[in-house]
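What follows is a short report on a single structure.
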Amino acid sequence: MKRTPVCNILSITHPVLQAGLAWVSNPELVAAVSNAGGLGILHPTAGIDADGDMVANLEVNIRRVQLLTSNPFGIALYLPNPRIEEMIEAATQEGVHIAVTYGGSPALYTGTLKDHDMVVLHQVTTVRHARGAEAQGVDIVIAEGFEGGGLRGADKVSTMVLVPQVAGSVSVPVIASGGIVDSRGLVAAMALGAQGVQMGSRFVATRECISHPSYKEAIVAAIDSGTVILGGDRWPTRVLRNGIALRIKEEELHGTDNDLEAWEAELGITRARAAMVDGDLEKGIAYTGAGAGLISDVISVAEVFKELVEGSQALARRLG
Ligand SMILES: Cc1cc2nc3c(=O)[nH]c(=O)nc-3n(C[C@H](O)[C@H](O)[C@H](O)COP(=O)(O)O)c2cc1C
């Protein structure tokens, strides 16, 4: 796989990031990705009890990753989280140097993170947000297309058209995310102007991920049309097409969308945890990207990377 400037900025071998995944980017997954030469990203909620302490959980998980790898890894930071300063402090104390921020203005904490000597990546869903992030001094932007799993940008711009526009609008490196699950997606993203990729759903369906086996199997079973968008126009959220998702969608048609509290109650926390951690696909909803139809096996992280490396080499030969 071709090295890019992103590899130097993040001190990694392959320009492949595992997305910070609510509830399920556990230390074993993160370490396996970093050991394979990519960048694993811890999420503060990974493996936490329903009423657990996020900061303490993050500290414990950082130490666990450090036992499993000596390679770099990052942490995901939801900018509106009321305890974000404690999380930054904890990460700094534990020697983490990479943060992926999302869900709010990069004006809020980029300066603080840089003062703590951290490399800052910020997730964006439009060109305007990418320019704003660059102006705030982030090192890398992650362009998040509409194909991806979980909460999406309200503007609903797809990876295919977002990445080249963002890459043409900022001078910091761009990582493509959303719908990328294998070497074909990786090579396509590079052709669109990205210097790396971030993948979520592909890593959920790996052996190292603590996501529930039923959730992994449901991803494997999904076809091209196997996901739906809930959350209305304001909080579009891509989830597996199961019975409860279709029922919520039906309710939205009767006017309950566009309400953040309703989003949190219906899609944000309890129901997502129920499906993704506890495997209750009757009562729970499961964040999943539209690329699920391309995922046909639960494999190891090393196998994901083997395919990325060998497949991109074969594609390079084929495409000339
Ligand atoms: C299980 C799961 C949990 C996610 N949790 C978050 C999250 O907490 N914050 C966030 O910004 N994105 C989250 N995402 C979205 C990912 O960061 C990423 O944008 C997405 O997975 C990329 O698309 P893909 O799934 O097609 O690879 C999540 C995605 C999945 C599948």
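Is one or more of the residues making up the stretch 218-226 among the charged types (D, E, K, R) and assigned by TED's automatic domain parsing to the domain that holds residue 278? I'd like the intermediate steps shown before the answer.
From the stretch 218-226, those among the charged types (D, E, K, R) are 224; that's our starting set.
Subsequent filtering for residues that are assigned by TED's automatic domain parsing to the domain that holds residue 278 retains 224.
Checking the stretch 218-226: at least one residue is among the charged types (D, E, K, R) and assigned by TED's automatic domain parsing to the domain that holds residue 278.
Restricting attention to the stretch 161-194, which residues are within 23 Å of residue 223 (Cα to Cα) and either within 11 Å of the ligand (Cβ to nearest atom) or within 17 Å of the chain's Cα centre (by Cα) (or both)?
176, 177, 178, 179, 180, 181, 182, 185, 186, 189
Just checking, how many residues over the stretch 216-233 are surrounded by 13 or more Cβ atoms within 10 Å (Cβ to Cβ) and not in a helix (DSSP H, G or I)?
8
Given the criterion under 30 Å from residue 184 (Cβ atoms), assigned to a loop (DSSP other than H, G, I, E, B) and within 16 Å of the ligand (Cβ to nearest atom), identify the matching residue among 104, 20, 74. Walk me through how you get there before you give the answer.
Details: 104 fails: under 30 Å from residue 184 (Cβ atoms); 74 fails: assigned to a loop (DSSP other than H, G, I, E, B).
Going through 104, 20, 74 in turn, just one is under 30 Å from residue 184 (Cβ atoms), assigned to a loop (DSSP other than H, G, I, E, B) and within 16 Å of the ligand (Cβ to nearest atom): 20.
Scan the stretch 249-269 and tell me whether some residue there is at pLDDT 95 or above, assigned to a helix (DSSP H, G or I) and buried (at least 18 other Cβ atoms within 10 Å of the Cβ).
No: the stretch 249-269 contains no residue that is at pLDDT 95 or above, assigned to a helix (DSSP H, G or I) and buried (at least 18 other Cβ atoms within 10 Å of the Cβ).
Filtering the stretch 115-140 down to residues that are among the charged types (D, E, K, R) and under 18 Å from residue 41 (Cα atoms), which residue is farthest from the chain's Cα centre (by Cα)?
Restricting attention to the stretch 115-140, the residues satisfying the condition of being among the charged types (D, E, K, R) are 115, 117, 128, 131, 134, 139.
Filter again for under 18 Å from residue 41 (Cα atoms), leaving 117, 139.
Numbers: 117: 23, 139: 17 Å.
For the stretch 115-140, the residue satisfying everything is 117.
Among the residues of the stretch 44-59, is any within 15 Å of the ligand (Cβ to nearest atom) and either among the small types (Gly, Ala, Ser) or within 22 Å of residue 304 (Cα to Cα) (or both)?
In the first step, residues of the stretch 44-59 are kept if they are within 15 Å of the ligand (Cβ to nearest atom); the result is 44-48, 54, 57-58.
Filter again for either among the small types (Gly, Ala, Ser) or within 22 Å of residue 304 (Cα to Cα) (or both), leaving 46-47.
Yes, there is a match, as at least one residue in the stretch 44-59 is within 15 Å of the ligand (Cβ to nearest atom) and either among the small types (Gly, Ala, Ser) or within 22 Å of residue 304 (Cα to Cα) (or both).
What pairs come up if the first residue lies in the stretch 237-248 and is free of Cβ contacts under 8 Å to residues at least 12 places away in the same chain, the second is surrounded by fewer than 18 Cβ atoms within 10 Å (Cβ to Cβ) and of a type in the set (Gly, Ala, Ser), and their beta carbons are under 6 Å apart, counting only those six or more places apart or on different chains?
Short answer, once both residue conditions are applied: none.
Among the residues of the stretch 294-320 satisfying the criterion of being closer than 26 Å to residue 237 by Cβ and surrounded by 19 or more Cβ atoms within 10 Å (Cβ to Cβ), which is farthest from the ligand (Cβ to nearest atom)?
Filtering first and then ranking leaves 301.
Provide a single number: the residues in the stretch 154-195 that are at positive phi and of a type in the set (S, T, N, Q).
Here the count works out to 0.
The values are calculated or read from the model by the stated rules, or taken from the named source; none is laboratory data. Model, not experiment: these values are computed from the prediction. Methodologically, a virtual Cβ is constructed for each residue, glycine included, from the backbone with ideal geometry; neighbour enumeration extends over all protein chains shown.
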